[in-house]
Every structure is written in C-alpha cells, then in structure tokens.
Amino acid sequence: MNFTLELQPTRVIFGAGQMAAVASEVYLLGFTKPVIISTPGHRVLAERVQALVGTSASLFSGAVMHVPTDSVAAVLQHVSRYQSDGCVCIGGSTTVGLAKAVSLETGLRSLAIPTTYAGSEMTPIWGITREGIKVTGRDPRVQPRTVIYDPELTLSLPAGISGASGINAMAHSVEALYAENRNPLISLLSESSIAALADSLPRIAQNPGDLLARTQALQGSWLAGIALGTVGMAIHHKLCHVLGGSFSLPHAEVHSVMLPYCVAYNREHAPEAMQAMARALHVDAPSVPGALHDLVARLGAPTSLRALGMQRGDLARAAEIALARPYYNPRAVTFDGVLELLTAAWTGSRP
Ligand code: NAD
C-alpha cells in the first residue's frame, strides 16, 4: 500500500466547442507571438486557431510522424525567425511531439489541442528520431501547461483510426493498473478510463459522428494520458516499442493487436488489476483478455500481427530484442514466454 505520487500541473479545458477558448488561454499563458504547430494535413485547422488567436501568431505546418530531427531543426529555425514566445499545437500526438521537442530545446511552454486519443498531451515524455532511432526521455518542461479537449475536433477521425487510437489509450490505463509504482488515485482513473473507452468506442465505430460517444472517448483518453504520464508501463508498451521501432509496424494498430495477449500474459500475476478491468468491461476476471480481443474485433481494428505484415520468422528476433534490456512486469519476462505471446498475437487466436 506504500506509494509516492507526483502529479504534473496541467490546466484542462474540456467540452464541445471549447477550441474557441484558445485565445483567452493563450492570453493567460502570456504568449504574445505563439507558433501554431500542425502537420501539413491539418494546416486548415491551424489557420482556424490562428484566426482565433490573432495575427501575431505564426504557422508551422511541418510536423512529421515520430519527430525526425529534420522537423525539429525546421521548427526551431521558425521559432527563432518569428521570435515565438510559446507553442500552440493542434493535431494528434505526432504534432504534440514536435511542440515537446521545441519545449525541450528552448524551454518555451505549450498549449495543446489534441485531436486523437493517444494522450501525449498529458505526459512529460518526449521522443525524437535521430538517424532512424527514436530516443525518448522524461522532462517536466515538455508537458503542455494547458490542454483544450474539444470532442468536435475528433468527429473527423476515421472509424478505423479512432478504434486503434482508442485502444492505444486503453492500453495506458491497463498497464497503469499493474504498474510497479501504481497508486490508488491512478488505479481509479484507469478503471474509469477503460470503462469509458469500452462503452464509447463501439458506438463511434458504428457512427463516427456521435458527439456524445466522442466526448466519452476523449474523457477516457484524457484519463489514460494522466495514467501514462504518472506511472510506469510494462510488457505491452515494451513489446509495442520493439515492434514499432525495429519492424516498422504502425503505432496505434500494434497497440490494439498486442493488448489482449499482454493482458493474458499477466492474467495470473496481477489479480487486482484483472478485477478492475473485469468491472470496467462487465465480465469476470479470467475472461478479460478474451473480452478485449472481442472489443478490438468489434471496432474493426486489426487483431493479428500477421494482418499488420509481420513475418512469422521475425518473432524470435523480436523476442530477443524485447529481452535485451530488463524492465518491470508483474510476470517475469522470459524468452519462451514472450515468443509464445508473440506467436499467439501473430496468429490472432482468441486469448
Ligand atoms: P498522429 O498524430 O500521427 O495521428 C494519426 C493519424 O490521424 C494521422 O494520419 C493524422 O493526420 C490523423 N488525424 C489526427 N487527428 C485527426 C482528426 N481529428 N481527423 C482526421 N484525422 C486525424 O498519431 P497519434 O496516434 O495521435 O500518436 C502516435 C504518435 O504519438 C506516435 O509517434 C507515438 O510514439 C506518440 N505518442 C507519444 C506519447 C508520449 O507521451 N510522448 C504518448 C502517446 C503517443
């Protein structure tokens, strides 16, 4: 029952239509010449933010997946040229990631307006890809000071991406429940987040325009982001990092595929976490991995590594890489255990 908990202070504004609050929030932060960061595909959205904030804001629409150093150099040049005094980022965690790189390099603070469920806006974790290798770290300076969650902005997120991104969020809450440094507050948030996501994601899959379901999913992913930013993760995140980094499998989809199998791996070793998930999913504890598998399938997200293009012959190498550096997990992480887990995930059989 012993624990240490340090919450990062972030001001959160939540609700449909709240993007309009960006001007007053920028003012509260004291930004006079912010840079508005987006991907090229979200430039129109960034222009809407610029119209709200005023002409003193400049636009940088060069955010690229996995934050390569080229994009960091380009945004830093922009910041220096326009003498930006803060960042406003709008988009998925790719865009939030670039704003974090700016904070890391310059100390500028940021305001984030997320449009996916990945949750980076609530964490002090940064990642930059140097010569093809993603380097990550934790630094409280990179965590956005203010986050505006506006579910209306998520209405355009396609059903397929919504499902995978939502399960990506759920995975943060799941692993927070059996984290080495778990605590009662984060466990409560995590259970509530799993319940919100499990309830809302199937409704979004049926009708991506369902604003109530979108609101519930965004609340679930906000809580999942807090969990990710506050306690450590375990085997699921480690394996997803290996599969994404060394085998180039897509981030959110690989999280979706792996979640039921990683939970099955820990089934007998994290009884309290299984009970919490069982309550959130309305099943009994032994059925949790199967229920997660059914949920992923219902969302139309991929359910096997084979479907993501992974070669069966690469599974042993993935297991080796995953074992190279030890990390906490409720059940000991062994080569045979991981290979069995990966093989089940490759075939997609119901755990
Ligand atoms: P993303 O930002 O690349 O978005 C995924 C896709 O959705 C993109 O094609 C994007 O253009 C599209 N999209 C985003 N919002 C949309 C909207 N509202 N409507 C239509 N399309 C939209 O990726 P992501 O899934 O948000 O995040 C994944 C990345 O974030 C990975 O690189 C991962 O490593 C990182 N991440 C970091 C943390 C952290 O704490 N540092 C946490 C989670 C994820």
Using alpha-carbon coordinates, inclination of helix 184-206 to the longest axis of the chain, degrees:
90 degrees
Using distinct alpha-carbon pairs, which all enter the 1/r mean, Kirkwood radius of the chain in Å
20.3 Å
Is segment 239-351 rounded, prolate or oblate when judged by the Cα gyration tensor, a ≥ b ≥ c being the square roots of its eigenvalues, rounded requiring a/c under 1.5 and prolate requiring a/b larger than b/c?
oblate
Net charge (Lys, Arg +1; Asp, Glu -1) of residues whose beta-carbon lies under 13 Å from that of residue 310, residue 310 excluded, is +1
Once the other residues with Cβ under 15 Å from the Cβ of residue 8 are scored (Lys, Arg +1; Asp, Glu -1), what is the net sum?
+3
What angle, in degrees between 0 and 90 and rounded to the nearest 10, separates the Cα long axis of helix 251-265 from the longest principal axis of the Cα atoms of the chain?
30 degrees
Phi-based couplings in Hz for segment 55-70 (Karplus 6.51, -1.76, 1.60; Gly and Pro marked x)
6, 5, 7, 10, 10, 10, 10, x, 5, 10, 3, 6, 6, x, 4, 4
Reachable aspartates and glutamates, given that their alpha-carbon falls under 20 Å from the alpha-carbon of residue 33 and they are not under 8 places away in the same chain:
25, 47, 85, 105
Lys/Arg Cβ at +1, Asp/Glu Cβ at -1, dipole of the chain taken about the Cα centre: which of 26, 54, 125 is farthest positive-ward?
54
What number comes out for accessible area per residue over the chain if the probe is 1.4 Å? Units Å², please.
42 Å²
Tell me, what is the percent relative contact order of segment 277-351, built from C-alpha pairs under 8 Å that lie six or more residues apart?
35 percent
Can you bin segment 159-347 into rounded, prolate or oblate? Criterion: square roots of the alpha carbon gyration tensor eigenvalues sorted a ≥ b ≥ c, rounded for a/c under 1.5, prolate for a/b above b/c, oblate for the rest.
oblate
In whole Å, what is the distance between the alpha-carbon centres of segment 58-98 and segment 242-271?
30 Å
For segment 277-294 and segment 295-351, what is the separation of their Cα centres, given in Å?
19 Å
Rounded to the nearest 10, the angle in degrees between the Cα long axis of helix 235-247 and the longest principal axis of the Cα atoms of the chain comes to 70 degrees
Under 5 Å between amide H atoms, partner at least 5 residues away or on a different chain: which partners does residue 129 have, H built in plane at 1.01 Å?
69, 135
Residue-by-residue Karplus 3J(HN,Hα) for segment 325-339, coefficients 6.51, -1.76, 1.60, Hz, glycine and proline x:
10, x, 8, 6, 7, x, 9, 3, 9, 10, 4, 4, x, 5, 5
Per-residue HN-Hα couplings for segment 220-231 [Karplus 6.51, -1.76, 1.60; θ = phi - 60°; Hz; x = Gly/Pro]
x, 6, 4, 5, 5, x, 4, 4, 4, x, 10, 10
Share, in percent, of DSSP beta bridges within the chain that are antiparallel, nearest 5:
25 percent
Run the accessible area of the chain with a 1.4 Å probe and give the carbon-and-sulfur part as a rounded percent.
53 percent
Within segment 116-133, backbone nitrogen closer than 16 Å to the virtual label 7 Å beyond the Cα of residue 6 toward Cβ:
123-126
For segment 1-64, which GluC sites (Glu not before Pro) pass both filters: DSSP loop (anything but H, G, I, E, B) and at most 11 other C-beta atoms within 10 Å?
6
Among 119-126, 9-16, 293-300, what's the highest-first ranking by average C-beta atoms within 10 angstrom per residue?
119-126, 293-300, 9-16
Gained length - residue 47 relative to residue 332, 0.36 nm times residue gap less alpha-carbon distance
97.6 nm
Mind listing the long-range amide H neighbours of residue 89? Cut-off is under 5 Å, sequence gap 5 or more, other chains count too, H placed in the peptide plane at 1.01 Å from N.
37, 111, 112, 113
For residue 56 and residue 105 in one chain, what is 0.36 nm times their gap in residues minus the Cα-Cα distance, to one decimal in nm?
15.4 nm
Hey, can you grab everything whose amide H is under 5 Å from the amide H of residue 118? Only 5+ residues off in sequence or another chain; H modelled, so Pro and N-termini drop out.
93
Suppose a student asked you for the relative contact order of the chain, using Cα pairs under 8 Å spaced at least 6 residues apart; what percent would you report?
15 percent
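The values are calculated or read from the model by the stated rules, or taken from the named source; none is laboratory data. Predicted model only: the values in this text are computed from it and were never measured. No Cβ is skipped: glycine too gets one built from the backbone with ideal geometry, and neighbour counts run over all protein chains shown. What goes into the accessible areas is simple: the full protein's heavy atoms, side chains included, and nothing from ligands, DNA or RNA. Shrake-Rupley method; radii C 1.70, N 1.55, O 1.52, S 1.80 Å.
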